[in-house]
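Everything on this sheet refers to the single structure shown next.
Taken together, the values in this text are just the output of simple stated rules run on the coordinates, not laboratory data. What you see is a predicted model, and the numbers here were worked out from it, not measured in a lab. Please note: Cβ atoms are built from the backbone with ideal geometry, for glycine as well, and neighbour counts cover all protein chains shown.
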């Protein structure tokens, strides 16, 4: 290896370190605290108003309970154990996210360097293969193993010998889901249009198949959620609630909470009555729920529904105030335009799947869609003096589609993260934030890899340097073409869009009937 190649590799390593440190700093100051606050909202069955404004019961965050007499562990050591475990899983999640983002940025940088012929071809190819291999292994094995390990082990402050042995069993069990995932991915059939069948291309193709399905589902869900409120047929316009309606609902909620507080106090006074015998206290634990307990449960359920109603009224009032401002009007115009794009994207997927003439026979580009043809039509209408061909506009339209698909995915990722943490019943804020960050890292890596595959026909081939005797290898030749995955994305996109439409329409009908 020449001195120039060594210097180029060292500069890329330094760039990796700089990107990694910058990402870690951003995570610790911004994204990770935001995910921790989102994990509070994801707590199952507890509305945000109850968590923040509940005044009928005493809310005290419990610290570490004292250790039993048989386990002489002082409180300070237990706190240190819990603190070290918090630092451990947060450090793992932040490090994995930073590494995935860093290597993804290096991949995009290498493509730009190839287009400008800045580095040696061998240096670009070596770093390209390293970043691509690291991302593939991280998405398929390392990140799933970290998530499985966090879910299996969790945060256990007690570290006795028996507990350590039990943790060892859990750590061993945590490998089973990852092995099952790898086994399932290994049996994913490869596309028929795939020309190269080497090991790395086969693994990457299977990963992109899985990623394309996930991104298509997220995009379809995001397309419906973004366009639902702007489509006249589906939008359910309701009158703006008045301040009197909100005050009346809040007064009813306050009355329910006062009744609930009185019943809790009455139950507590009964529990500590001095004339109760030991036998009555013991037998009370074996009796079924009394009428007082049933009343308390009923009031708690009613309180939950009233809190949701108050939140809905406040959100409707705030939305009406925002829509009347100039920012709200501008946001609504942008929302209408994006809703139109979402509808056109659905029509484009239908056309690509059910109209064979929409596909191009050339293997160098992906098949065209309605969006590219609309761009050609608009540009031809504006520039009447020049004939614009579809091949000239397709790469740019494809990049715009990637940006819009990314926006649709981002709008649906928040709901996905809240649903995942709620379904897993994760109660620790830091543990939940770590799981969210690992899920984000995996989705981000899949999205960026799929984006690079779709950019294959958008970048020009690498220029041949007269001083370079070695054969210049195009970096895109090491990854599979996107044509073999396009229909898979459209199918998953349509399935998610149709399913989301049916669910939202049914929920809207049920809510209107209940009101």
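How do 487, 492, 248 line up, fewest other C-beta atoms within 10 Å first?
248, 487, 492
Counting other C-beta atoms within 10 Å, which of 408, 444 has the fewest, and how do the rest follow?
Lowest count first: 444, 408.
Using alpha carbons only, how many angstrom separate the centre of segment 303-331 from the centre of segment 437-452?
One Cα centre to the other: 33 Å.
For a Förster distance of 30 Å, can you work out the FRET efficiency between the beta-carbons of residue 6 and residue 176, rounded to the nearest 0.05?
0.10
Measuring from label point to label point, each 7 Å out along Cα→Cβ, what is the residue 410 to residue 26 span in nm?
1.1
Determine, for each peptide in 494-505, 91-102, the mean count of other beta carbons within 10 angstrom over its residues, then list the peptides with the highest first.
Per-residue mean Cβ counts within 10 Å order the peptides as 91-102, 494-505.
Taking the highest mean first, how do the peptides 342-354, 216-228 order by number of other beta carbon atoms within 10 angstrom per residue?
Peptide ranking by packing, descending: 216-228, 342-354.
If I model a spin label as a point 7 Å beyond the Cα along the Cα-Cβ vector, how far apart are those points for residue 243 and residue 337 in nm?
3.6
What FRET efficiency comes out for residue 17 versus residue 305 if R0 is 45 angstrom and r is the Cβ-Cβ distance? Round to the nearest 0.05.
Using R0 = 45 Å, I get an efficiency of 0.25.
Quick one: if the Förster radius is 56 Å, what FRET efficiency do residue 378 and residue 293 give, using the C-beta to C-beta distance and rounding to 0.05?
After rounding, the FRET efficiency stands at 0.25.
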